[in-house]
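Scroll down for the structure; my scribbles are underneath it.
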Amino acid sequence: MYQEAFLTTYRTFISPHDLIDKLLYRFHKFHHASEKKKKVARNTFSLLIRVIDELSQKEMNQATTEKMMSLVFELLCQGDLILAKVLRKKVIEKCESKKTAPDPFSSMTFTSSITLKSSPSDFLFYKSHDIAEQMTLLDAELFQKIEIHEVSLWAREQSEELSPNLTEFTEHFNKMSYWCRTQILTHDEAKDREKYFFKFIKIMKHLRKLNNFNSYLAILSAVDSAPIRRLEWPRQNLEALKEFCQLIDSSGSFRAYRQALAETEPPCIPYIGLILQDLTFINIGNQDLLPDGSINFAKRWQQFNILDNMRRFKKCNYQIKRNEKLINCFNDFDDYLSEESLWQISEKIKPRGGNKKRLEFDS
């Protein structure tokens, strides 16, 4: 467990390349020592393989590759064929995956340039369960791409460059939320707005059954947003919304949500926002070093417990068949309006002040 905690959090106090140099030094120091000391070298080599295996595409640079291939050549010359074969295979795997991996930023659309490209899609005609499944499939694909070290580094650096997959996942959450708000508000007739509002309520029920807390919270943040919440909705809709809000009630440090997550078995997609919040509090509230200058590993242990729980959900994925026709209706959640535009629509429906326009709904 100590080794797992170390591998999960070491980037918070040493760079991967400095760690590799130290492991190489330790391996060479004990590799030609007594038989008893050679066990230390073998353990160091195993740790080195783990570190190499978990390097990101950017971290597996030319210098690191050359160091590892130099060690492969050295091991071959010494007759350590098994160690050389294991290391060579791992380096080749990392280099090949780097060549084929797409740029995570190439397809991203940021909220700084949000415009409504087309009219709302016809996703209303699909079953709520099917919509929830396809939302979950899209979420799961992005969630599985997140590397654990991206999450630990975000609390400290908040760098999109260092955490590209995490950035893409959180951007997807924001786009989905604004897409939902846009779907509800961009209708002239009150009865049409109510149809979409109630449709999202039903979708949330299925997302909860699928343990997809990410899309669940994205939709909840939409239907409970101020431009939508301020309008006059049927009582049954508001009561249903109140029930959903209880799960993410912030009282007691989100006790209800934490309890639900603890009782959930994979597959599951947790709400990444709370994970980042917890890691940020730990980072701010604890010193990196102890008074004697040594690493404050108690801080890293707290971080590890949070990240290891997230890793637990990454080990199991959903068995959902992809429905391209339905996914195309989402249009990558790109068709959404800005917060300012949504407020303008909301105030047009229900003006501020005394001249309020009461909405009429069909029974």
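Taken together, the values in this text are just the output of simple stated rules run on the coordinates, not laboratory data. What you see is a predicted model, and the numbers here were worked out from it, not measured in a lab. Cβ sites come from the backbone with ideal geometry, for glycine too, and all protein chains shown count toward neighbours.
Close amide H pairs (under 5 Å, H built 1.01 Å from N) link residue 212 with 269, residues at least 5 positions away or on another chain.
Check each of the GluC sites (Glu not before Pro) in the range 242-333 and keep only those in coil by DSSP with at most 15 other C-beta atoms within 10 angstrom; list them in order.
Values: sites: 243, 263, 324; in loops: 263.
Passing both the DSSP loop test and the Cβ count: 263.
Each residue of the range 47-58 was assigned a 3J(HN,Hα) from its phi angle through the Karplus expression (A = 6.51, B = -1.76, C = 1.60, θ = phi - 60°), giving 5, 4, 4, 4, 5, 4, 4, 9, 5, 6, 4, 5 Hz with x at Gly and Pro.
Work through the residues other than residue 295 whose Cβ is under 15 Å from its Cβ and net out their charges, Lys, Arg +1 and Asp, Glu -1.
Numbers: positive: 11, 22, 156, 299, 300; negative: 18, 288, 292.
Local charge sum for residue 295: +2.
Give me 314, 191, 175, 325 ranked fewest to most by other Cβ atoms within 10 Å of their Cβ, as a rough exposure proxy. Spell out each step's value before the answer.
Details: 314 19, 191 11, 175 22, 325 8.
Ranking 314, 191, 175, 325 by Cβ neighbours within 10 Å, fewest first, gives 325, 191, 314, 175.
Each of 142, 63, 51 was scored by the projection of its Cα onto the charge dipole of the chain, and the greatest displacement toward the positive side belongs to 51; charges sit on the C-beta of Lys, Arg, Asp and Glu. Straight Cα distances below 17 angstrom link residue 242 to the lysines 199, 202, 205, with same-chain residues fewer than 8 positions distant left out.
Which trypsin sites (Lys or Arg not before Pro) from the range 8-92 combine a DSSP loop assignment with at most 13 other Cβ atoms within 10 Å?
Working: sites: 11, 22, 26, 29, 36, 37, 38, 39, 42, 50, 58, 67, 85, 88, 89, 90; in loops: 58.
Of the trypsin sites (Lys or Arg not before Pro), the ones in loops of the range 8-92 whose Cβ has at most 13 other Cβ atoms within 10 Å are 58.
Neighbouring Cβ atoms within 10 Å as the yardstick, rank 202, 242 fewest first. Don't jump to the answer; show the numbers that get you there.
Numbers: 202 15, 242 10.
Fewest-to-most ranking of 202, 242: 242, 202.
When 1/r is averaged over all different Cα pairs and the result inverted, which Kirkwood radius in Å belongs to the chain?
Numbers: mean 1/r = 0.0426 Å⁻¹.
For the chain, the Kirkwood estimate is 23.5 Å.
Which order do 1, 135 fall in if you start with the one that has the fewest other Cβ atoms within 10 Å? Before the final figure, lay out the partial values.
Values: 1 8, 135 26.
Ordered by Cβ neighbours within 10 Å, fewest first: 1, 135.
Given charges of +1 on the Cβ of Lys and Arg and -1 on the Cβ of Asp and Glu, with all other atoms neutral, how large is the dipole of the range 254-363 about its Cα centre, in debye to the nearest 20?
On the way: 17 positive and 15 negative charges, 62 e Å.
My answer is approximately 300 debye.
Kirkwood analysis of the range 2-100, using all unique Cα-Cα pairs, places the hydrodynamic radius at 14.0 Å. Cross-link reach is defined here as a Cα-Cα straight distance under 30 Å, omitting same-chain residues fewer than 8 places apart; for residue 99 the lysines meeting it are 22, 58, 67, 85, 89, 90, 145, 175, 314, 315, 321.
Relative contact order for the chain: what is it in percent, counting Cα pairs under 8 Å that are at least 6 residues apart?
Values: 366 pairs, mean separation 81.7, N = 363.
Relative contact order here is 22 percent.
Here the average projected area of the convex hull drawn through the C-alpha atoms of the range 193-300 stands at 8.7 nm².
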